[in-house]
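Dumping the structure here so I can ask a few things about it.
The values are calculated or read from the model by the stated rules, or taken from the named source; none is laboratory data. Quick caveat, the model's predicted, so the values are computed rather than measured. Here the Cβ positions follow ideal geometry from the backbone for every residue, glycine too, while neighbour counts run over all protein chains shown. Only protein heavy atoms, including side chains, enter the accessible area calculation; ligands, DNA and RNA are left aside. Shrake-Rupley method; radii C 1.70, N 1.55, O 1.52, S 1.80 Å.
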Amino acid sequence: MTRTSSRALLAGIALLAAAPAFAQSANESNAALVKRGIDAAAKQYATLLPKVQSKEGVPRTVENGDVKLVGVRDWTSGFFPGSLWYLFEATGDKKWRAAAQDYTARMAPAKFDKTQHDLGFMLGASYGNGYRLTKDPSYRDALLAGATTLVTRYNPKVGSIQSWDLWKNSTWAFPVIIDNMMNLELLTWSAREAREPYYRDVALTHADTTIKNHFRPDGSSVHLVDYDPQTGAIRGKVTVQGNADSSSWARGQAWGLYGYTMMFRETKKPEYLQQAHKIAAFFMNHPRLPQDKVPYWDFDDAAIPNAPRDSSAAAITASALLELAGFSDKATAQKYRDFATAQLRSLASPAYLAATGENGGFLLKHATGHKPAGKEIDVPLNYADYYFLEALLRLKAASATH
């Protein structure tokens, strides 16, 4: 047995051993769950922030026992400042605002980075939350600059924004990954703010192309579709971060669910709502979804039940379902809220939520970044924390109105 597989097996055993915690927490009110999660996050990040703030870079994960810092050009760089903004929003404590402002200012070079498609992640989580909470006009300017940069990657022949620049050892011509749906909110927001309909047109065309070419009849998605940039023809459908070309990578399903829920909010196009419902049904009803509703990293890994989990996929899904509930009929909405709340109860249990001072200072344990590459397996990840905090705030808002 390899070191990775043995670690995954031990993690699975630990999760099973902690199963009673899920049942016990069912008696906890949603308000108490949210408060406990936010309080734990504030204590944990109070241990992390002093260790990293004087250093260059942004905390992404833990590697070899140490917090790994990444540069602004890393696709995850916006999530830590975003989590700090969420802590400020949740607590009102000005120390979180000051820290969020510091780390958001560090993101400035990203708005002109034409080498990648992840500007929606990088700028939306940082400057986007900052602008929402402070209305600082410089944050607005940064977001609009980022949108102008992002649309340079759009190809009208393909009808999509190119995801990655071409790798030296790849055979791709114009790769588009399902994750790219998450960057479209930057364009729809900018279209309204700048009164520039082209940004909206690009976002809608990309979303329409993705529905057409990324999804299977059961609502699952492939990871990457490669196009001919001259004709728009499909050259191939493959995976990079999933288990196989034909498998369903859990975080990819979560990106799609979140992306189409968001696009319905932004456009009110019924096709996007229908797609979000299909993806939700695939995820929620999957026979290989564990009882605690935190998925294995890929639904089709032959190693299940000894495959690694992905707490980041659960956090993203919970946040998406809480928003999707607001666009659904009463019975469906309750189903989505109940599922998302169950996920958050699992994530807020000792099986996943780290004790103060542990886990490198990050909140959630048992996330999986890129298993095929042997990277970030059963570790904390800054985007798992970000969507966990977002989901807690969305649950708080939902509980206040229902």
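Once the Cα atoms of region 224-276 are picked out, what are the Rg and Dmax in Å?
Just the Cα atoms of region 224-276 yield Rg and Dmax of 13.7, 34 Å.
Could I ask something else about it? For ALA100, what charge total do you get from the other residues with a beta carbon under 13 Å from its beta carbon, if Lys and Arg give +1 and Asp and Glu give -1?
Once positives and negatives cancel, what remains is +1.
Related question: Per Stokes-Einstein, at 4 °C and 1.567 mPa s, what whole-number D in µm² s⁻¹ belongs to region 355-397, with the Kirkwood radius over Cα pairs as the hydrodynamic radius? Before the final figure, lay out the partial values.
Working: Rh = 11.3 Å.
Value of D from the Cα-based Kirkwood radius: 115 µm²/s.
Could you tell me what % of all Cα pairs in region 202-297 have separations over 15 Å?
More than 15 Å apart: 62 percent of the Cα pairs in region 202-297.
At 20 °C and a viscosity of 1.002 mPa s, what translational diffusion coefficient does Stokes-Einstein give for region 288-402, taking Rh as the Kirkwood radius over Cα pairs? Give it in µm²/s as a whole number.
Translational diffusion coefficient: 148 µm²/s.
I've got another one for you. Quick query: amide H of THR61 versus all other amide H atoms, modeled in the peptide plane; which residues come in under 5 Å with a sequence gap of 5 or more or a different chain?
For THR61, whose amide H was placed from the backbone, the distant partners under 5 Å are LYS68.
Something else about it: When ligands, DNA and RNA are left out and all protein chains stay put, how many square angstrom of accessible area per residue does the chain have with a 1.4 Å probe?
On the way: 15960 Å² over 402 residues.
Result: 40 Å² of accessible area for each residue.
In the Gaussian network model of the chain, springs joining C-alpha atoms below 10 Å, which of ASP298, ASP136, ASP385 carries the largest mean-square fluctuation?
ASP136
Please compute the modelled spin-label separation between ALA42 and THR205, points set 7 Å along Cα→Cβ, answer in nm with one decimal.
4.7
For LYS168, list the lysines whose Cα falls under 23 Å from its own Cα; do not include residues on the same chain fewer than 8 positions away.
List returned: LYS114, LYS237, LYS371, LYS375.
Another one. From the backbone phi of region 346-354, what are the Karplus-calculated ³J(HN,Hα) couplings (6.51 cos²θ - 1.76 cosθ + 1.60, θ = phi - 60°) in whole Hz, Gly and Pro given as x?
Couplings: 5, 5, 8, 8, x, 5, 10, 8, 5 Hz.
Sort largest first and round to whole Å: the equivalent ellipsoid semi-axes of region 43-172, each the square root of five times a Cα gyration tensor eigenvalue.
In descending order, the three semi-axes are 28, 20, 10 Å.
Under a 5 Å amide H to amide H cut-off, with H placed in plane at 1.01 Å, what residues pair with GLY236 once short-range neighbours are removed?
ASP226
In addition: For ALA373 and HIS402 in one chain, what is 0.36 nm times their gap in residues minus the Cα-Cα distance, to one decimal in nm?
Numbers: separation 29, 0.36 × 29 = 10.44 nm, distance 4.35 nm.
My answer for the length gained is 6.1 nm.
Right, next: Among the listed pairs LYS278/LYS330; LYS212/LYS335; LYS51/LYS95; LYS293/LYS365; LYS335/LYS396, which have their C-alpha atoms separated by more than 22 angstrom in this model?
In this structure, LYS212/LYS335 exceed 22 Å between Cα atoms.
Rounded to whole Hz and in sequence order, give me ³J(HN,Hα) for region 215-224 from the Karplus expression 6.51 cos²θ - 1.76 cosθ + 1.60, θ = phi - 60°, writing x for Gly and Pro.
After applying 6.51 cos²θ - 1.76 cosθ + 1.60, I find 9, 8, x, 7, x, 7, 10, 7, 7, 10 Hz.
Candidates (1) 161; (2) 279; (3) 135; which is the computed volume of the Cα convex hull per residue in Å³?
Checked against the structure: label (3).
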